[in-house]
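A short write-up of the structure that comes next.
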Protein chains: 2
Amino acid sequence: MAEEAFSQRTITCGGLTKADAGKKVVLNGWVHRDRNHGALHFINLRDRYGITQVVVDDDASKELQETAAKLRMEFCIAVVGVVRLRPDSMVNPDMATGEVEVKADSIEILSKCLPLPFMIDGEAEPNEDLRLKYRFLDLRTEGMQKRMKLRHEFVKAIRQYFYKTDFYEIETPTLIKSTPEGARDFLVPSRFYPGKFFALPQSPQLYKQILMVSGMDKYFQIARCYRDEDARGDRQLEFTQLDMEMSFVTRDDILAIMEEMFNEVFIKVMDTKLPEQFRRITYHDSMNTYGNDKPDLRFNIEIHDLNKLAVESTFALFNTTVANGGFVKGLCAPNTEGVSFSRKYIDALQDAAKIYGAQGLAWIKVGANNTLSGGVSKFFVGKEELIINEFNAKDGDLILMVAHENWKKCCTSMGAVRTKLGKELDLIKKGFEFCWIIDFPLFEFNEDENHWEAAHHMFSMPQSQYLDTLESDPGAVKGDLYDLVLNGYEVASGSIRIHDVELQKKIFRICNIDDATAQEKFGFLLDAFKFGPPPHGGIAPGIDRMVMIMAEETSIKEVIAFPKNTAACSPMDDSPSFVDSIQLEELHLKAIFPEKKKD
Amino acid sequence: MAEEAFSQRTITCGGLTKADAGKKVVLNGWVHRDRNHGALHFINLRDRYGITQVVVDDDASKELQETAAKLRMEFCIAVVGVVRLRPDSMVNPDMATGEVEVKADSIEILSKCLPLPFMIDGEAEPNEDLRLKYRFLDLRTEGMQKRMKLRHEFVKAIRQYFYKTDFYEIETPTLIKSTPEGARDFLVPSRFYPGKFFALPQSPQLYKQILMVSGMDKYFQIARCYRDEDARGDRQLEFTQLDMEMSFVTRDDILAIMEEMFNEVFIKVMDTKLPEQFRRITYHDSMNTYGNDKPDLRFNIEIHDLNKLAVESTFALFNTTVANGGFVKGLCAPNTEGVSFSRKYIDALQDAAKIYGAQGLAWIKVGANNTLSGGVSKFFVGKEELIINEFNAKDGDLILMVAHENWKKCCTSMGAVRTKLGKELDLIKKGFEFCWIIDFPLFEFNEDENHWEAAHHMFSMPQSQYLDTLESDPGAVKGDLYDLVLNGYEVASGSIRIHDVELQKKIFRICNIDDATAQEKFGFLLDAFKFGPPPHGGIAPGIDRMVMIMAEETSIKEVIAFPKNTAACSPMDDSPSFVDSIQLEELHLKAIFPEKKKD
């Protein structure tokens, strides 16, 4: 050995207990806190495993006292010393090692630390870019340490499930062909082939289907995926999904595997028992009852269909909407302690509804003894009981209603109101509410481009009863699609896949992709389907989002070690960055800079 | 459920035994073989788990007989039938299910298969591009199925070891900053920032070091890495490594972890007990004894230092080489049954030596009764015993020697001869011979660019005894570097890292990277080292190469599901490919095609 020598730890900073009293130990770690009480010097020494109190006693050597005096926050040090029990009055029950301390015999400074840009032992620094620039410090915080551990444990438990159930983990390529869905593909220029590019995968979709054609039967992969999306919301250029696919299965097989997996994983990682089966809600019912296709079931406000009730009222808008084939829907916001349904608050709810197309939000306040007041209550005179019974409404509740000719807009407007109320009325119970959304439409109409497109992706199987009317009535076709929803987030999306060349081509054509383009872009999948493909299907839960929800965070950046910021840059390594022009030349590329505007 | 219905398997094609006789079962799989014996029709049905013989008896319904007649190789089918014992004379002991067969009641064709471009049940198709174009069929072969399983089991066993030993698996980013080593970086153009690029990582090196600064303590990752290398030899644009790093460790800690891990993994996956510790050979000794730094220890030819012996001879070349401070080295090729050391064969050995700089290869044949003949034997008259004793040579052996003024060229020339003999004399024993190569030089001189550069990478720690002479004598500096070698392949490379800003900058400067460039390119690592970095080190075994060796293959393409071909293309998906000009415009790029040469 010819390295720089240092005193190597004999135990971690989380490992000492009463039983170790009297032992000589070496600890390595960081100065978490550092207090001087006259001649006594207390150092809280931290590593990944915990914190141990180190004491430099007043009888310490001059050398040791001088070294201790040099210590600053986050210095990395080695401590040689003896474990001793703390005096009873000094025992810290909040600390795993709180019954003991280490009396230092010597301290080595392994490396120094500049003054910190933010504190590591307190609340998270609010400035995101500062956190990301100094991510190496941010990752030392208790929160980030816990979340990195949680992510590790989560993925570990997932893998252990798939190991046990005989899935193969198979790596699919990440330098692949760009596809027509490729508008959001990252491209990678080829040095050997001027003008040609690889693409980074948005998912391993085609390759996992190819693996099924290859007879791999049960496949999974924790796969890095890429999407060059506009930098808005909580998105990352790269993200991670659990990708899985099985042969010779139907929808219920996939759902059962996922239920079993998440049950096992949540027991292991969260110590939480999930229902053995998750609720299954059709897309149509979810829209009707929750106003979206990713319902948050942690609170039980439900949207009611009020068409029957609406015609009992004298409200012309309601009457004509129903008469014209439209929809009236409503919900009852419960009277919660401390919330007043002020005019201002109702206006804010209305604004939320309007984003989804509502022209307005009708409201009625419920009073004592089955009375109604305010808003559109005047149109319900004599019908108070009808409306109160509909919602089983109580004194102080608020009825909110939308009328719209368009079913989807009526649903989603009410959904926005429901979601806002759930958060703001503090109705959301702790816990994990999974559900399946099934029976999705296979196609949706792209108004901008004036053609049908796949609601999920083009490889999903239409339900068999629609096979004859695919082309004549695409809008009515339901697919063998399923989303897994958790606490109001879509956390996985999957389907039974097409495995028939002609059906696949038909779907491409409906999505405005002619046979020649399909062959050029997806030829290898279509070719594979000519050689005995098995029936197959799969699903792909998003790892980042799942861990975010489990960690009770609201941004996936909190569960990614080195995320990009909201401007899609990395403040730490300053990427993306300019490169040498010689590198571009080697790639047969020239950068074209947008012309600067004249003053 | 509203999918296309099919008869779903109740058991796999590998699962039936005698005990199942009489049971009604459903099998799903592929027609592996298909034989007609008059009215009897035998189908070998295959899935990932095995093969089961299905019989269509002569009493089968007309419908079933008609379906059976339509079957062709690799059709995907569902069989409903009853398990029965085979007659004693028909039992196939080579088949796991060889005691039973399934009498078909009905057969559904799930999908058809075109005539195959190559056979799936025989030897591997020799045409590589054809295999890769139809990889979905190639992956159905027994060999590829076994190797995908082996790879899965290998990576699984690795993960289980790291799970158990408290490492965190942490994902590092793959859209990162391009570094000065970046000549072989793949670049990814940014859509948001004209002229700026991300790079794909050649390894997670900097990020795993940052994770150590973050206090993550023990990290691992099965990481995809990228290198835009020239398409020669057995290389892939993307490859996978087990990346690991630990804090507060010395070299021996890393070596011990790897030894423990590979011991556990090889027991699980290969049923092979490895030595608890692997041999450790210094770089200098490995070069001297095996002629390279990745010795194949499965055969025991050793290179001898012959300087003393050379001066006893009357061979002027040997005498002057030694007198001028040069080197004479030699080995003894054993007389192996069936190999004749013809002049032509010796010429071929000489050609191998010349590639590494030898001017010639001196040889002597050993005869009966301590006699020498041929080649340079005339210069050793009267010294026969000396040379015979040196090598403990036997009748029929061949002594081969190189004289060179340059130690390294003398070693590697002899190394090339050694390697060739090992393969061609069939000396290589079965099994797995691991060893560590340690004490590597830290720098090597780049003659083309006329400066020193890092022999491995710039982040490795010099051994402490050289800290004062780094700049004055870079060539003499040994680093805390270690390679793991298996059966003549380098399978892992690692080091204790630098964690001191000033030392790191000094290394950069020796490698011709000035402080400004270092700050621009590696600023985030240098910054991190200012905030209490721990001593740390790690290693990164290559997964593809390890599995290749374990599978006794000679190309990593055999253990990758979807590799690129030797021209760095994918014949299956035809990537890389041209993209729409509008996509390039969005990326602010223009393709520059090399001018065509005039006729």
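The values are calculated or read from the model by the stated rules, or taken from the named source; none is laboratory data. In this text, all values refer to a predicted model and were calculated from it rather than measured experimentally. Cβ placement follows ideal geometry from the backbone for every residue including glycine, while neighbour counts extend to all protein chains displayed.
For B:Ile107, only one of the following conditions fails: (1) more than 7 Å from chain A (Cβ to nearest Cβ); (2) assigned to a loop (DSSP other than H, G, I, E, B). What is its number?
(2)
Determine whether B:Ile496 is out of contact with any Leu (no Cβ under 7 Å at 6 or more places or on another chain), within 12 Å of another protein chain (Cβ to nearest Cβ), closer than 30 Å to B:Glu433 by Cβ and in contact (Cβ under 8 Å) with a residue 60 or more places away in the chain.
Criteria met by B:Ile496.
Taking the stretch B:1-48 only, how many residues are over 19 Å from B:Leu116 (Cβ atoms), acidic (Asp, Glu) and within 14 Å of chain A (Cβ to nearest Cβ)?
So the count comes out to 2.
Can you tell me which residue is farthest from A:Val100 (Cα to Cα) among those in the stretch A:11-23 that are surrounded by fewer than 17 Cβ atoms within 10 Å (Cβ to Cβ) and either touching a Ser or Thr at 6+ places or on another chain (Cβ under 8 Å) or among the aliphatic types (A, V, I, L, M) (or both)?
A:Gly14
Looking at this structure, is B:Pro594 within 11 Å of chain A (Cβ to nearest Cβ), assigned to a loop (DSSP other than H, G, I, E, B) and at pLDDT 95 or above?
No: the conditions fail for B:Pro594.
Could you figure out which of (1) modelled with pLDDT of 95 or more; (2) in contact with a Phe, Trp or Tyr (Cβ under 7 Å, 6 or more places away or on another chain) isn't true of A:Lys530?
(2)
Which of the following residues is among the hydrophobic types (A, V, I, L, M, F, W, C) and surrounded by fewer than 23 Cβ atoms within 10 Å (Cβ to Cβ): A:Ala358, A:Ala352, A:Ala333?
When all the criteria are applied, what remains is A:Ala352.
Helices (runs of 4 or more DSSP H) wholly in the stretch B:114-196 with at least 3 residues that are closer than 30 Å to A:Leu587 by Cα, more than 10 Å from chain A (Cβ to nearest Cβ) and not aromatic (Phe, Trp, Tyr) - which ones?
Result: B:128-133.
For the stretch B:182-196, give me the residue count where each residue is out of contact with any Ser or Thr (no Cβ under 6 Å at 6 or more places or on another chain) and closer than 22 Å to A:Asp185 by Cβ.
Residues flagged as out of contact with any Ser or Thr (no Cβ under 6 Å at 6 or more places or on another chain) and closer than 22 Å to A:Asp185 by Cβ within the stretch B:182-196 amount to 10.
With closer than 30 Å to B:Val579 by Cβ, β-branched (Val, Ile, Thr) and surrounded by fewer than 24 Cβ atoms within 10 Å (Cβ to Cβ) as the only criterion, which of A:Thr165, A:Thr179 stands out?
The unique qualifying residue is A:Thr179.
Among A:Asn288, A:Asn292, A:Asn263, which is the only one that is within 20 Å of the chain's Cα centre (by Cα) and within 30 Å of A:Phe379 (Cα to Cα)?
A:Asn292
Among the residues that make up the stretch A:317-333, is at least one of them within 25 Å of A:Lys430 (Cβ to Cβ) and at pLDDT below 95?
no
With respect to the numbered conditions (1) more than 10 Å from chain A (Cβ to nearest Cβ); (2) of a type in the set (A, V, I, L, M); (3) surrounded by 15 or more Cβ atoms within 10 Å (Cβ to Cβ), which one is the sole condition not fulfilled by B:Met90?
Failing condition for B:Met90: (3).
Any idea how many residues of the stretch A:88-100 are out of contact with any helix residue (DSSP H, G or I) (no Cβ under 8 Å at 6 or more places or on another chain) and acidic (Asp, Glu)?
2
If you take the residues of the stretch B:211-225 that are touching a Phe, Trp or Tyr at 6+ places or on another chain (Cβ under 6 Å) and surrounded by fewer than 22 Cβ atoms within 10 Å (Cβ to Cβ), which of them is nearest to B:Arg497 (Cα to Cα)?
Within the stretch B:211-225, the match that is nearest to B:Arg497 (Cα to Cα) is B:Lys218.
Hey, can you tell me all the residues within the stretch A:142-151 that are surrounded by fewer than 22 Cβ atoms within 10 Å (Cβ to Cβ) and in contact with a Phe, Trp or Tyr (Cβ under 9 Å, 6 or more places away or on another chain)?
Selection gives A:Lys149 alone.
Has the stretch B:395-412 got at least one residue that is within 30 Å of B:Ala551 (Cα to Cα) and basic (Lys, Arg)?
no
Filter the stretch B:204-238 for residues that are within 16 Å of the chain's Cα centre (by Cα) and more than 10 Å from chain A (Cβ to nearest Cβ); which is nearest to A:Arg48 (Cα to Cα)?
Here the answer is B:Cys225.
Determine which member of the set B:Phe220, B:Phe198, B:Phe186 is free of Cβ contacts under 8 Å to residues at least 40 places away in the same chain and at negative phi.
From the options B:Phe220, B:Phe198, B:Phe186, the qualifying one is B:Phe198.
Can you pull out every residue in the stretch B:562-591 that is facing another protein chain (nearest Cβ under 7 Å) and in a loop (DSSP other than H, G, I, E, B)?
B:Phe562, B:Ala568, B:Met572, B:Asp573, B:Asp574, B:Pro576, B:Val579, B:Leu587, B:His588
Would you confirm whether or not the stretch B:398-420 contains a residue that is at pLDDT below 95 and either loosely packed, with under 14 Cβ neighbours inside 10 Å or over 30 Å from B:Lys273 (Cβ atoms) (or both)?
Within the stretch B:398-420 (the criterion being at pLDDT below 95 and either loosely packed, with under 14 Cβ neighbours inside 10 Å or over 30 Å from B:Lys273 (Cβ atoms) (or both)), the answer is no, since none of the residues qualifies.
Give just the number: which of (1) more than 26 Å from the chain's Cα centre (by Cα); (2) modelled with pLDDT under 95; (3) hydrophobic (A, V, I, L, M, F, W, C) does A:Ala455 not satisfy?
(1)
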